[in-house]
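Report on the structure given below.
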Amino acid sequence: MKQIKTIQVQVIDGNIATMKVDAVMVPQFNNGASYGGVGGAITRSGAGSGMDEYNDYAEKKPLSYGDVYMTASGGGSAEYLLHLATVGCKADTSFACTVNAVCKALFLADEKGVKTIAVPAVGSGIIGTLTLEQSAKAIFKAVALFAEHAKSVQSVTMVVYGTSTAPAQEILDNESYLAAENETGQKEFNFAEWLEGFAKDMSGEDRY
């Protein structure tokens, strides 16, 4: 646990769909819901109606990358879903897109009186272009930009799944996110990883 101004921030390894928080950030396509990865886990947790609401909205009125849409979850462990239009960003814009989306989501949640938020490693999924370290930098930079304006939000938990928390924790501890500028995504697409993830999505197994 570390304090970024007034916000308590931590990194954990866990299933974001089962986090007992007020709101969960969900990376989405800008023109529809991403029902794989985090979105798939959220849907299976009972929050499918919140995912569908975003899908219906974005299909009719696509978001710009980096924008956010908030819905009730409709079920599951969190009350709200913060839908981040980040999936599909190009490598040279993904870092800035993540910073912008997370920051906008924090402000939007704050306006709604949300106190606790969980966020996955945005931009580092199977088709993402950010490394875990880059994702952590972007997320914590967004928290730092938002924190001095916070009125309601008290804690932000970055949730990684099935991997070490050490890279993200090191970014948080050494505060390298403060000096982070726009970076080009360094994560390369791995077809075998994508194929494995697709198979898990089809079987209903969490893989984000």
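The values are calculated or read from the model by the stated rules, or taken from the named source; none is laboratory data. Bear in mind that the values here come from a model prediction, so they are computed numbers and not experimental data. Counting neighbours? That spans all protein chains shown, and the Cβs are built from the backbone with ideal geometry, glycine included.
Here's the yes/no breakdown for (1) touching a residue at least 40 places away in the same chain (Cβ under 8 Å); (2) part of a strand (DSSP E or B); (3) touching a helix residue (DSSP H, G or I) at 6+ places or on another chain (Cβ under 9 Å):
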| residue | (1), (2), (3) |
| --- | --- |
| Tyr35 | yes, no, yes |
| Ile42 | no, no, yes |
| Asp52 | no, no, yes |
| Asn55 | no, no, no |
| Pro62 | no, no, no |
| Ser77 | yes, no, yes |
| Leu84 | yes, yes, yes |
**Request:** Go over the candidates Lys137, Lys90 one by one and state the one that is over 12 Å from the mean Cα position of the chain (by Cα), outside any loop (DSSP other than H, G, I, E, B) and among the charged types (D, E, K, R).
**Result:** Lys137
**Request:** Give region 151-170 a look and list any residue that's closer than 17 Å to Ile7 by Cα, over 17 Å from the mean Cα position of the chain (by Cα) and of a type outside the set (S, T, N, Q), or say none.
**Result:** Lys151
**Asked** When you look at Gln8, is it without any contact (Cβ under 8 Å) to a residue 24 or more places away in the chain and exposed (fewer than 15 other Cβ atoms within 10 Å of the Cβ), yes or no?
**Response** no
**Message:** Given the condition out of contact with any strand residue (DSSP E or B) (no Cβ under 8 Å at 6 or more places or on another chain), part of a helix (DSSP H, G or I) and crowded, with 22+ Cβ neighbours inside 10 Å, answer yes or no: does some residue in region 164-174 qualify?
**Reply:** yes
**Asked** Of the residues Lys104, Lys115, Lys60, Lys137, which single one is at pLDDT 95 or above, charged (D, E, K, R) and surrounded by 24 or more Cβ atoms within 10 Å (Cβ to Cβ)?
**Response** Lys137
**Prompt:** What is the residue count in region 12-33 for residues that are closer than 14 Å to Pro120 by Cβ and crowded, with 24+ Cβ neighbours inside 10 Å?
**Reply:** 8
**Request:** Name the single residue, out of those in region 64-75 being part of a strand (DSSP E or B) and among the hydroxyl-bearing types (Ser, Thr, Tyr), that is nearest to the chain's Cα centre (by Cα).
**Result:** Tyr69
**Prompt:** Could we say that Leu145 is assigned to a helix (DSSP H, G or I), surrounded by fewer than 24 Cβ atoms within 10 Å (Cβ to Cβ) and either touching a residue at least 40 places away in the same chain (Cβ under 8 Å) or touching an Asp or Glu at 6+ places or on another chain (Cβ under 8 Å) (or both) here?
**Reply:** yes
**Request:** Determine the pairs where a residue that is free of Cβ contacts under 8 Å to residues at least 40 places away in the same chain, located within region 151-170, has a partner that is assigned to a helix (DSSP H, G or I) and hydrophobic (A, V, I, L, M, F, W, C) with Cβ atoms under 8 Å apart, the partner being 6 or more residues away or on another chain.
**Result:** Pro167/Leu132; Pro167/Ala136
